[in-house]
Amino acid sequence: MQLGANERDIMSELTGALDSMMQAGEESVPYQFWREARGDMQDMFLAVKQSDDIMVQNQLYGKAVVNMGYVDHLFSELDKLCFRDFERFSKCIKDLREYADLQRMLFGSLAARGRMFTDIALNAINYCYMEQDSEELRQIARNIIEKENLSVFSFEREDEEIECHFDDQAGMYYTMEEDMRVYLPIEYFPTEEAAVKYMNGLRWEQDDRSPHQYFNERMEVPEGAVVMDAGVAEGNFSVPIVKRVKKLYLVECDPLYVKALQWTFKDYMDKVVIVDKLLARHANKYSTCIDEIMQGEQLDYLKMDIEGAEVLALQGGERTLAASQNIKCNICVYHRLHDNEKITEILTRHGMEVRNTPGYMLFHLDKKYPYYPRKGLAQAVKISRAQ
């Protein structure tokens, strides 16, 4: 089934009507005209909704994409404003028009190529358009529609040629980074190809264009710093800094990665402390917390990537965050959709200036909100040190 002429005419007429409303001034658009235009536009949205329902019934995609609740909400807001606040009125018209454009793009793509959109893609598209006020997010939605691009990162990157070697004594593959051997657990990376693929993934993650890149001018680790790396994995954050720090706490609960870290950092154990427990809000037999690890010691730098437990772990470090006068924090906020707001609130409350890394990630492992775009890192500096 392809999109028929009637549906295309409806979308064209709707866009034209909304364009006219956008261009009209407060005095030239009387109340009665708005009432008539409102009825026409709502009828057109209902017609598009009927076309949408037919496509669902014919299994061209899994669920309806025209959200009449969202459309009705915009109309309700427009009724309340009704030219009394023309700036806000124009903003609502703009949102209504952009939502019409979204439907036209979806139907046009379907008509041109018979493309079927997954529910995951539709959820992400509607989130970008209806729940957020960001042109950058709307562009992500357009990319999903036009290119079916659901990659975690929006940029493309060629794989590098990475040399990988096997250490018979350690029983693991390793690559050379910063003149150090970085070991990878043999249970996770049993072949040279698997190890190389993983290391290329890390290069992609830490690319200059990536929202997941840890280091920039503001977030460099100071010489002689006391650092905690929570969620170390193979150690890609800590390897470049170990030579210049005073003390390095490596918090990693996976015993296979702990074994690899012992080989990677074996020449620096005079300053490295490996903590092989979960990082949590409270300390018990199986977990620890930031305050228990630090025991009142000043912390200069905290990096955290612990698969969605970041909020709880920060709550377990309230005393340390408050007492550490020169602290910088580099915290992953993408594991759960709304963690960025929660983590920003905690860090701000402790006197830090928080900035997100540029861009968005389409994180795929969030079971509740897969591929919903979200920020990568919250990077914070105590205001006394803020640049």
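The values are calculated or read from the model by the stated rules, or taken from the named source; none is laboratory data. On a predicted model such as this, the values are computed, not experimentally measured, just so you know. Ideal geometry is used to build each Cβ from the backbone, glycine not excepted, and the neighbour counts take in all protein chains shown.
For segment 312-335, which residues satisfy the criterion of being surrounded by fewer than 20 Cβ atoms within 10 Å (Cβ to Cβ) and of a type outside the set (Gly, Ala, Ser)? So that I can check it myself, show each step before the final result.
So in segment 312-335, the residues surrounded by fewer than 20 Cβ atoms within 10 Å (Cβ to Cβ) come out as 312, 315, 318-319, 322-323, 325-326, 335.
Once the filter is applied, which keeps residues that are surrounded by fewer than 20 Cβ atoms within 10 Å (Cβ to Cβ) and of a type outside the set (Gly, Ala, Ser), segment 312-335 yields Leu312, Gln315, Glu318, Arg319, Gln325, Asn326, His335.
Restrict the check to segment 279-294 and report whether at least one residue is of a type in the set (Ser, Thr, Tyr) and within 21 Å of Gln379 (Cα to Cα).
Keep residues of segment 279-294 that are of a type in the set (Ser, Thr, Tyr), which gives 286-288.
Filter once more, keeping what is within 21 Å of Gln379 (Cα to Cα): none.
No - not one qualifying residue is present in segment 279-294.
Which residue, of Tyr188, Tyr198, Tyr127, is in contact (Cβ under 8 Å) with a residue 12 or more places away in the chain, within 20 Å of Tyr99 (Cβ to Cβ) and either aromatic (Phe, Trp, Tyr) or assigned by TED's automatic domain parsing to the domain that holds Lys368 (or both)?
On the way: Tyr188 fails: within 20 Å of Tyr99 (Cβ to Cβ); Tyr198 fails: within 20 Å of Tyr99 (Cβ to Cβ).
Of Tyr188, Tyr198, Tyr127, the one residue that is in contact (Cβ under 8 Å) with a residue 12 or more places away in the chain, within 20 Å of Tyr99 (Cβ to Cβ) and either aromatic (Phe, Trp, Tyr) or assigned by TED's automatic domain parsing to the domain that holds Lys368 (or both) is Tyr127.
Please go through segment 254-301 and give me each residue that is at pLDDT 95 or above, of a type in the set (Ser, Thr, Tyr) and surrounded by fewer than 20 Cβ atoms within 10 Å (Cβ to Cβ), ordered by number.
Tyr268, Ser287
Tell me, yes or no, whether segment 256-271 has at least one residue that is touching a residue at least 12 places away in the same chain (Cβ under 8 Å) and part of a strand (DSSP E or B).
No, every residue in segment 256-271 fails to be touching a residue at least 12 places away in the same chain (Cβ under 8 Å) and part of a strand (DSSP E or B).
Confirm whether Tyr249 is out of contact with any Leu (no Cβ under 8 Å at 6 or more places or on another chain), within 17 Å of Tyr183 (Cα to Cα) and either outside any helix (DSSP H, G or I) or of a type outside the set (A, V, I, L, M, F, W, C) (or both). Reasoning before the result, please.
Values: out of contact with any Leu (no Cβ under 8 Å at 6 or more places or on another chain): yes; within 17 Å of Tyr183 (Cα to Cα): no; either outside any helix (DSSP H, G or I) or of a type outside the set (A, V, I, L, M, F, W, C) (or both): yes.
No; evaluated as a whole, the condition is false for this residue.
Matching residues to (1) under 24 Å from Ser324 (Cβ atoms); (2) basic (Lys, Arg):
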| residue | (1), (2) |
| --- | --- |
| Lys246 | yes, yes |
| Glu252 | yes, no |
| Ala260 | no, no |
| Leu278 | yes, no |
| Arg281 | yes, yes |
| Ile293 | yes, no |
| Gly296 | yes, no |
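If we keep just the residues of segment 336-387 that are β-branched (Val, Ile, Thr) and in a loop (DSSP other than H, G, I, E, B), which is farthest from Phe153 (Cα to Cα)?
Applying the first criterion (β-branched (Val, Ile, Thr)) to segment 336-387 yields 343-344, 346, 348, 354, 357, 381, 383.
Filter again for in a loop (DSSP other than H, G, I, E, B), leaving 357, 383.
Values: Thr357: 13, Ile383: 31 Å.
So, considering only residues that are β-branched (Val, Ile, Thr) and in a loop (DSSP other than H, G, I, E, B), the one farthest from Phe153 (Cα to Cα) is Ile383.
Every residue in segment 201-239 that is in contact (Cβ under 8 Å) with a residue 60 or more places away in the chain and under 20 Å from Gln325 (Cβ atoms), please.
Arg218, Met219, Val221, Pro222, Ala225, Val226, Val227, Met228
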